[in-house]
Amino acid sequence: QVQLVESGGGLVQPGGSLRLSCAASGRTFSIYAMGWYRQAPGKQRDLVASITNSGTTNYADSVKGRFTVSRDNANHMVYLQMNSLKPEDTAAYYCYVGRRGGTDWGQGTQVTVSS
């Protein structure tokens, strides 16, 4: 199992930026992908962005050009840089890892975009 701890959420005005961080520990040698999902109240949890061990990225259409996912493999970190934030980006953001044997999740960090 891999343990994940997120940080960096908060309240930001429309058009602003936030950077989320996620630190992985435990069986990190088994990870092949890391990334972020988000879940708004009353909605399903959806993929925001992912990045593989080789650096291949994938983004939801709604965040392309605004969000950037990156990794620090040496320190088992994954980041989500969010720019040009919109009210519809408001959600709980969850870090995840895909590994041999399953998927692990962080506890979530709230991002609220409001004036």
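Projecting the Cα atoms of GLY15, CYS95, VAL113 onto the dipole axis of the chain, where Lys and Arg carry +1 and Asp and Glu carry -1 at the beta carbon, places CYS95 farthest toward the positive end. Computed in the context of the full set of protein chains, the accessible area of the chain at 1.4 Å probe radius has 46% of its extent on carbon or sulfur.
Amide H contacts under 5 Å for GLN3: SER25, GLY26, ARG27, restricted to partners 5 or more places along the chain or on a different chain, H placed in the peptide plane at 1.01 Å from N.
The length gained on full extension between TRP105 and LEU47, counted as 0.36 nm times the residue separation minus their Cα-Cα distance, comes to 19.6 nm. Per residue, the accessible area of the range 1-101 comes to 51 Å², computed with a 1.4 Å probe over protein heavy atoms only.
The values are calculated or read from the model by the stated rules, or taken from the named source; none is laboratory data. It should be emphasised that the depicted structure is a prediction, and the values quoted were computed from it without experimental measurement. Cβ coordinates were reconstructed from backbone atoms using ideal geometry, including for glycine residues, and neighbour counts include every protein chain displayed. Note: areas computed on protein heavy atoms with side chains; ligands, DNA, RNA excluded. Shrake-Rupley method; radii C 1.70, N 1.55, O 1.52, S 1.80 Å.
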